Amino acid sequence: MDEIAAEHAKRGDVVDESRKGLHAVMTGLMENWERVKEEVRRPVNPPLGPCPACGRELVARTSRFGTRFAGCTGYPECRQTYSLPAEGKIEAAEGACETCGSPRVRLTPARRKGAAEPMPVERCIDPACPTNYVEPVPIGTCPNCSGRLMLIHNPKTGKRFVRCENYDREEEPCKTSYPVPQRGDIKPTGGVCEPCGSPKVVVETRRGPWEVCLDPDCTTKQATKKPRRAGAAQGPGQDGLEPGRLAPPMSYRGLLKNSDYRKLWVSQAISTTGDWLIIGLVIDLAAKLSGGSSPRWAHSCRSGSSRPWCSVR
């Protein structure tokens, strides 16, 4: 551009030279298009090993619904897929499964805030492989049907939970089910929680064991929950506030969601505005009677103003 501005080169010659250079680059790119495409996709869809159905490569993908799965690069000719855990890092492990011949993967759970570094686990990529089956462990007695509560591992998602053994019974099934921590060893204690009647278990982690009730809605857990932050939508008379008074809202979204909070907050705002209006009228009237002026409100009182305190003159 400087050469063209100084009239040392012509615009057409510069454009032709740029086109030749760009053509050479695009030609090399199109000749190696498949290789470039695979290199670009590799960080997004990491390879997980050869496909047992067609021999091509399995890669980690994400569906339109947000779930992760391992799919063959030979799609749509090969439709071999395997479900993968929703969280954590997934890498290819060395060797293939000795039982079914499918690739092995290394799963590293996502690290929680303040938690220790999680340990990676190697497993077969096929959830239906016998090596991924974990025998259910009895945890205690169901408080609703007196059946056994079993600790079950889901081979597809990799998560575990507690469910009654009569959950899938055809006649009068028991739908008792509890979520459990996904890390640490869970052992039954044989004890029962007195408030809710659910079994108690011991969860052993790196930080040490602790005894918990299986029921997430147990009153013992409600009592140990952290208090809600100031300003959250709550009922009257809570957090030491005056009955019928609420703390200021933390956000407009929280204000709009709670109808009772919204009505009470608006009524408080109107009441506060009325109090300040009366105070302003009294101060302005006192200033006039004493022969002084009211500079605080004088600048807002113009001719034809409808403000109440402007009439006190």
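Just so it is clear, none of the values below were taken in a lab; they were calculated from the coordinates. Treat the numbers as computed from the prediction; the structure is a model and nothing was measured. Quick reminder, even Gly has a Cβ in these numbers, built from the backbone with ideal geometry, and neighbours come from all protein chains shown.
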> If you take the square roots of the eigenvalues of the alpha-carbon gyration tensor of the stretch 98-175 and sort them as a ≥ b ≥ c, do you get rounded (a/c under 1.5), prolate (a/b over b/c) or oblate?
Replying inline: oblate
> Among residues other than Met150 whose Cβ falls under 9 Å from its Cβ, what is the net charge (Lys/Arg +1, Asp/Glu -1)?
Replying inline: +1
>> Taking 0.36 nm per residue of sequence separation and subtracting the Cα-Cα distance, how much length would be gained by fully extending the chain between Ser63 and Tyr75, in nm to one decimal?
In response: 2.9 nm
> If you count, for each residue, the other Cβ atoms within 10 Å and average over each peptide, how do 159-166, 173-180 line up from highest to lowest?
Replying inline: 159-166, 173-180
> Which ordering of Val59, Val212 is given by a fewest-first count of other beta-carbon atoms within 10 Å?
Replying inline: Val212, Val59
>> So for each of 140-148, 2-10 I average, over its residues, the number of other beta carbons within 10 Å; can you give me the resulting order with the highest mean first?
In response: 140-148, 2-10
> For the pair Glu17 and Glu170, how long in nm is the line joining their label points, each one 7 Å along Cα→Cβ?
Replying inline: 8.6
> So if we plug the beta-carbon distance of Lys187 and Arg106 into 1/(1 + (r/R0)^6) with R0 = 25 Å, what FRET efficiency do we get, rounded to 0.05?
Replying inline: 0.40
> What's the extension gain from Lys89 to Arg56 if we count 0.36 nm per residue and subtract their Cα-Cα distance?
Replying inline: 9.7 nm
> For the stretch 134-223, what relative contact order do you get, as a whole percent, if you take Cα pairs closer than 8 Å and at least 6 residues apart?
Replying inline: 20
> Say R0 is 45 Å: what FRET efficiency, to the nearest 0.05, do Glu117 and Glu7 get from their beta-carbon distance?
Replying inline: 0.10
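If we count every other residue with Cβ under 11 angstrom of Val134's Cβ, Lys/Arg +1 and Asp/Glu -1, where does the sum land? Don't jump to the answer; show the numbers that get you there.
Values: positive: Arg123, Arg160; negative: Glu135.
Residues close to Val134 contribute a combined charge of +1.
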> Where the centre of each part is set by its Cα atoms, how far does the stretch 79-154 sit from the stretch 197-220, in angstrom?
Replying inline: 22
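What is the gain in length, in nm to one decimal, between Val202 and Ala128 on full extension, counting 0.36 nm per residue of separation less the C-alpha to C-alpha distance? Walk me through the intermediate numbers first.
Details: separation 74, 0.36 × 74 = 26.64 nm, distance 2.94 nm.
Between Val202 and Ala128, full extension yields 23.7 nm more.
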> Is the stretch 134-223 rounded, prolate or oblate when judged by the Cα gyration tensor, a ≥ b ≥ c being the square roots of its eigenvalues, rounded requiring a/c under 1.5 and prolate requiring a/b larger than b/c?
Replying inline: oblate
